[in-house]
Amino acid sequence: MAAHKGYFGEFGGQFLPEILHATITGLEQVFETAKHDPGFWKEYETLMQNYSCRPTPLTFAENLTKYFNGAQIWVKREDLNHTGSHKLNNVMGQGLLVKRMKKTRVIAETGAGQHGVATATMAAKFGFECTIYMGEVDVLRQRPNVFWMERLGATVVPVKTGSRILKDAINEALRDWVGNMDTTHYVLGTACGAHPFPEMVTWFQSIVGIETKKQILEATGKLPDRVYACVGGGSNAMGIFSGFLKDTAVECVGIEAGGRGIATGEHATRLASPDASIGVSQGYKTFFLQDDDGQMKETHSVAAGLDYVGVSPILSHLKETGRVRFESATDAEVITALSLAVKKEGLIPALESSHAFAGAFREVSQMAPEQIIIINQSGRGDKDIFTIADALHDPKWRDYIKDKAGEYNAS
């Protein structure tokens, strides 16, 4: 995919400490060998079919289609993938590479926790030791996922430096990797970081787009007019977009975290606002939310998985070439979209995925009934129950939490 080693236009690259050179070169070689081995992809597909319930369905959202009275709405159901999101696609693929490299330990960063759960699941499946780095803020708001990571045998390390969110977890994971590279593989969770991670993560996630294209053609006999995906680092977006990038009649739309509004500065919008600029950090070159001195700004999103300060270099290139359009959705729009998907269709998207729903809902009524859109439901909302209940000011949930707290205090 990259025109020059690790680059997509001017974005990407491999900016890492010299000490990691041998490790990253070894990873490149193993990945390149696997990529050109048809047997490896077949092994990967078989593993995902037998272990992770692939292919996931493409669901026609009949009630939402009638409600908006515009284009037909279809939903790619990555929430039905094992562990509840698209994250396991990439993680299991990297697990197969770890086996080829004969390493015994994996580490990962996580924000929303879905990547952490997926990595811990993969480690349990393959018998690897596992350590997960997670910002202290995210540990608090994603406690259910932390619980399952620990039950799966992973060590979860709360990161208390910086803003205590995803970018800080990545920094700690990189430090660990430098100190343990002989035995340890860093399972980067999104299509960011130094080469070959953006290309490698996209390759494994492309299974989503391959399935979706086949499914929509079988169901409707034609390609969609638009495909929507939320954009944090970019793995789920690159996954589904990969199936359609060569089909220029299909518009790909990425929805970033508008937070409390672009004007407030409390957001995580890198490609759909003028607040980001090109820089180099965490091993690669892309758009970052940074000040004039190159210091990374604090970000905000109701969705823990979308508050990353950077974005995939591949998506930065696709923005520059005009192949992907980027928009944003505010926290308030996201909660409204999630509530609508739940009540009208019985779907419970994660807060991250709800950004894609919000972006699609904003535009679908302006389209014609014969047109088709696909929304990538990249994850399910179970993990977000605390945040969602709080945002909806649900009194019964608050009473439940108070009662539980009382029970623990009494014991």
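Need the C-alpha centroid separation for the range 113-135 versus the range 333-411, integer Å.
So the two Cα centres are separated by 25 Å.
If you stretched the chain out fully between R362 and T336, how much longer would it get, using 0.36 nm times the residue separation minus the C-alpha to C-alpha distance?
Fully extending the segment from R362 to T336 adds 8.2 nm.
Given R₀ = 25 Å, what would the calculated FRET efficiency be for E32 paired with I210, taking r from the Cβ atoms and rounding to 0.05?
Efficiency for this residue pair is about 0.80.
Determine, for V156, V280, the number of other Cβ atoms within 10 Å of each Cβ, and report the residues in order from fewest to most.
V280, V156
Using amide H atoms built 1.01 Å from N in the peptide plane, name the residues 5+ places from F8, or on other chains, whose amide H lies under 5 Å from its own.
Residues meeting the criterion, in which the H sits 1.01 Å from N, are G13.
Determine the shape class of the range 277-411: with a ≥ b ≥ c the square roots of the Cα gyration tensor eigenvalues, call it rounded for a/c under 1.5, and otherwise prolate if a/b is greater than b/c, oblate otherwise. Kindly include the intermediate steps, with their values, before the conclusion.
Numbers: a/c = 2.95, a/b = 1.30, b/c = 2.27.
The shape class here is oblate.
Suppose R0 equals 22 Å; then what is the FRET efficiency for V280 and R175 from their Cβ-Cβ distance, rounded to the nearest 0.05?
Using R0 = 22 Å, I get an efficiency of 0.75.
Please give every one of the lysines within straight-line cross-link reach of K402, meaning a C-alpha to C-alpha distance under 29 Å, and leave out same-chain neighbours fewer than 8 residues apart.
K160, K343, K383
Classify the range 109-186 from the C-alpha gyration tensor, please: rounded if a/c falls under 1.5, else prolate or oblate depending on whether a/b exceeds b/c.
Oblate shape, in that a/c is at least 1.5 and b/c is the bigger or equal ratio.
Suppose each label sits 7 Å from its Cα in the direction of the beta carbon; what would the N409-D293 distance come out to in nanometres?
Those two pseudo-labels are separated by 4.3 nm.
Pull up all non-local amide H partners of S281: gap of 5 or more, or a different chain, and H-to-H distance under 5 Å with H placed in the peptide plane.
For S281, whose amide H was placed from the backbone, the distant partners under 5 Å are T286.
Quick one: check the C-alpha center-to-center distance for the range 25-61 versus the range 265-309, whole angstrom.
31 Å
Under a crude label model (7 Å from the Cα following the beta-carbon direction), how far is K246 from L217 in nanometres?
About 1.0 nm separates the two model spin labels.
Looking at the square roots a ≥ b ≥ c of the eigenvalues of the Cα gyration tensor of the chain, which shape do they give, rounded for a/c under 1.5, prolate if a/b is larger than b/c, or oblate?
rounded
What FRET efficiency comes out for A22 versus K42 if R0 is 35 angstrom and r is the Cβ-Cβ distance? Round to the nearest 0.05.
Here the calculated transfer efficiency is 0.70.
Can you compute the modelled spin-label distance between E370 and R151, with each label point 7 Å from Cα toward Cβ, in nm?
Rounded to a tenth, the inter-label distance reads 5.1 nm.
Calculate one ³J(HN,Hα) per residue across the range 125-142 by plugging θ = phi - 60° into the Karplus curve 6.51 cos²θ - 1.76 cosθ + 1.60, and present them in order as whole Hz with x for glycine and proline.
Computed from phi, the couplings for the range 125-142 are 5, 9, x, 9, 6, 9, 10, 10, 9, 9, x, 4, 4, 6, 4, 5, 8, 10 Hz.
Just so you know, all these numbers are worked out from the coordinates, no wet-lab data involved. Because the structure is predicted, anything quoted here is derived from the model rather than measured. Positions of Cβ are generated from backbone atoms using ideal geometry, with glycine treated the same way; all protein chains shown enter the neighbour counts.
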